[in-house]
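Engineer: Sharing a structure below in structure tokens format, with a few things to ask.
The values are calculated or read from the model by the stated rules, or taken from the named source; none is laboratory data. From a predicted model like this one, the values you see are computed outputs, not experimental measurements. Here the Cβ positions follow ideal geometry from the backbone for every residue, glycine too, while neighbour counts run over all protein chains shown. For the accessible areas, the whole protein counts, side chains as well, though only heavy atoms, and no ligand, DNA or RNA atoms are used. Shrake-Rupley method; radii C 1.70, N 1.55, O 1.52, S 1.80 Å.
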Amino acid sequence: NAKTDFYKLIYGISLVLIFVSNVLSMSRASFLAMIFGIFVLFILWPFIKNNKADKKAILFNVMFRLCVSALISVMSFLMFMSFLQNMQRYDLSGSNNARIDMSKIAITEFKKNPIFGTGPGTFINTTETDSWFMKAYGNNPLDSHGIIQKILVEQGIVGILVFSCIIYVLIKEYYLAIKNIDSYKDRILVSSLFALVASVFFVELFNTT
């Protein structure tokens with residue numbers, strides 16, 4: 001009906017706007033989120049198409065698609081990075097080195113308080129008190145460049161376990177929902193929402209906001 005067609009139009013326009021915004025932003029995080037969301041749907045497609053199929057057949061199909069997606073993702077990311085470098089507009093070495101050095105700091109601090117961490121909001125203090133890091137990357141202390149770094153330092157093993165439980169619950173709820181949905185279009189909608197949430201979690205691996 002007209003109402004359904006209107007919602008489809010809004011949905012389509014929204015997708016186009018999101019895609020264009022991601023491309024024009026020239027942001028690595030946006031690019032990765034967009035590619036990751038697409039590949040999540042690609043990986044889950046056998047289950048979306050036939051949620052009543054044999055579990056072994058679905059698992060094999062999903063694992064194959066996961067391997068293909070990982071290969072294409074790495075190639076696409078390397079091409080995108082090369083494109084940015086060739087534009088001679090962005091110097092990505094400083095950002096990449098900062099992420100690596102922050103990971104080293106996170107591991108060192110995690111070893112000091114592995115169970116409960118140092119407390120929420122304390123990661124930035126670790127970079128502020130690291131004289132070598134401050135000298136190398138400026139006078140303004142930086143927060144973590146990844147949620148795993150932040151959780152390891154601030155909440156320790158307990159935080160990682162809680163975070164893992166959240167991921168597990170999301171995946172379980174998606175599986176139970178999609179398994180009991182008979183409508184093909186509804187399975188696509190639910191899977192799209194799941195891919196959107198997964199993309200947000202994926203971005204947070206590289207950029208804590």
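Engineer: When you scan region 162-189, how many residues do you find that are open to solvent by less than 80 Å² (accessible area, probe 1.4 Å), closer than 19 Å to residue 43 by Cβ and under 18 Å from the mean Cα position of the chain (by Cα)?
Structural biologist: Number satisfying all stated conditions: 3.
Engineer: Looking at region 108-144 only, could you name the residues that are open to solvent by less than 50 Å² (accessible area, probe 1.4 Å) and at pLDDT below 80?
Structural biologist: Within region 108-144, 126, 127, 130, 133, 134, 138, 141, 144 qualify.
Engineer: Residue 58 is checked against (1) aliphatic (A, V, I, L, M); (2) modelled with pLDDT under 70; (3) under 21 Å from the mean Cα position of the chain (by Cα) and fails just one. What number does that condition carry?
Structural biologist: (3)
Engineer: Let me ask something else. Determine the pairs where a residue that is of a type in the set (Val, Ile, Thr), located within region 189-201, has a partner that is open to solvent by less than 30 Å² (accessible area, probe 1.4 Å) and modelled with pLDDT of 85 or more with Cβ atoms under 7 Å apart, the partner being 6 or more residues away or on another chain.
Structural biologist: Pairs that qualify, where the first residue is of a type in the set (Val, Ile, Thr) and the partner is open to solvent by less than 30 Å² (accessible area, probe 1.4 Å) and modelled with pLDDT of 85 or more, are 190/178.
Engineer: Scan region 145-157 and report the pairs whose first residue is surrounded by fewer than 24 Cβ atoms within 10 Å (Cβ to Cβ) and whose second residue is among the basic types (Lys, Arg), with Cβ atoms within less than 7 Å and a gap of 6+ or a chain change.
Structural biologist: These pairs meet every condition: 145/99.
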